[in-house]
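Input: a single structure, listed below in structure tokens.
The values are calculated or read from the model by the stated rules, or taken from the named source; none is laboratory data. Remember, it's a predicted structure, so these values are computed and weren't measured experimentally. As a convention, Cβ positions derive from the backbone with ideal geometry for all residues, glycine included, and neighbour counts pool all protein chains shown. For accessibility, only protein heavy atoms count, side chains too; no ligands or nucleic acids. Shrake-Rupley method; radii C 1.70, N 1.55, O 1.52, S 1.80 Å.
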Amino acid sequence: MKVTTVLSALTAFVSLSVLAPAATADVTPPDPAPGGPQRPYEPDVEGAENVDSLSVTATRGAGRSVTIAFDRTSRAATGQVPAGARRFVFLFDPSVSLRPEAFPTCARTVIERRGVGACPEGSRVGDGLAGFANGSSEEVLAFNTRVGRLPGVLVVIPGTGVILEQTLERVSDAYRADYRWALDEILPPTSVPPQERAGTTRFQLSFGATRQHRGGTVGFAETRAGRGDELRFGLWSEFVTGQVVLPEVRTPLKLAS
């Protein structure tokens, strides 16, 4: 199994992807994935207005496999630490399909009890970095899993013990002209009051694992697009203040060197 790190996938992002700021329109973008697991209700709190930007690269590998690397940056409009998040929904171009059925799964309980090293070989499907306002960063790992009856991904930050669940869902009607699949990530409430939850200033996450399956190379992410075709991606984000943003980006598909 090969996982292309997000760092290598991002080396040419300036020339390969348009940096897209979050929309500033008064209309709140609707929920792209309302049918999956629901986050427990919390009232909105006062806090900073976040200003988010997004960059994405898409790199074609063996067969139809593609490494998709999301790179989100966030800052507070008034200079404070960004407000904490409630949800992130990763949106994928209609040409992209995800193949969780072709990869082993790792259960959340395995990681909680024994750590990421106990996950089955081949279940790791991505990686990245989480950056914080104090200048520190933490490694991020992604594992194929099941969340109830839904296919999904576990986003794990081993250095902090954080495990977040993403569910793979079809996008809602309002988004089907531009996207097909969504990975819906819920950040559950914690004992820390919402107004004291610091957001990340940068979050990088790539999906790019490949493996041999039924006599051929299969990617966790695959695309039917060709070299140079433009692919569209988005990242719908909701924060503890109730603010919702949706930066979107178009990026050309490139071939791995």
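Taken over the chain, the convex hull of the Cα atoms encloses 130 Å³ per residue.
For the pair Val45 and Gln212, label points projected 7 Å from Cα toward Cβ lie 5.2 nm apart. Taking Cβ atoms as reference points and 15 Å as the exclusive limit, the residues near Pro158 contribute a net charge of 0, counting Lys and Arg as +1 and Asp and Glu as -1. I'd like the distance between the alpha-carbon centres of region 87-126 and region 133-149, rounded to an integer number of Å. Region 87-126 and region 133-149 have Cα centres separated by 10 Å. How would region 160-252 be classified by its alpha-carbon gyration tensor: rounded, prolate or oblate, with rounded meaning a/c under 1.5 and the a/b versus b/c comparison settling the rest? In terms of gyration-tensor shape, prolate. Classification of region 51-179 by its C-alpha gyration tensor yields an oblate form. The axis ratio a/c (a ≥ b ≥ c) is 1.5 or more, and b/c is at least a/b. Report note on the peptides 238-248, 51-61: ranked by the mean count of other C-beta atoms within 10 Å, highest first, their order is 51-61, 238-248. Reported to the nearest whole Å, the Cα centre-to-centre distance from region 206-228 to region 48-76 is 18.
Across region 78-95, computed HN-Hα scalar couplings (Karplus, 6.51 cos²θ - 1.76 cosθ + 1.60, θ = phi - 60°) run 9, x, 7, 5, x, 5, x, 9, 9, 8, 10, 10, 7, 10, 10, 3, x, 6 Hz from first to last residue, x flagging Gly and Pro. Rounded to the nearest 5, what % of DSSP beta bridges with both residues in the chain are antiparallel? Roughly 95 percent of the DSSP beta bridges within the chain come out antiparallel.
If you plug the beta carbon distance of Val27 and Glu101 into 1/(1 + (r/R0)^6) with R0 = 41 Å, you get a FRET efficiency near 0.65. For the chain, carbon and sulfur atoms together expose 51% of the accessible surface, with a 1.4 angstrom probe and every protein chain in place.
Here the spin labels are modelled as points 7 Å beyond Cα on the Cα-Cβ line, and at Arg146 and Phe132 they lie 3.5 nm apart.
Accessible surface calculations at 1.4 Å, restricted to protein heavy atoms, place region 51-157 at 38 Å² per residue. Translational diffusion of region 130-184, estimated by Stokes-Einstein from the Kirkwood radius over alpha carbon pairs at 20 °C in a medium of 1.002 mPa s, is 166 µm² per second.
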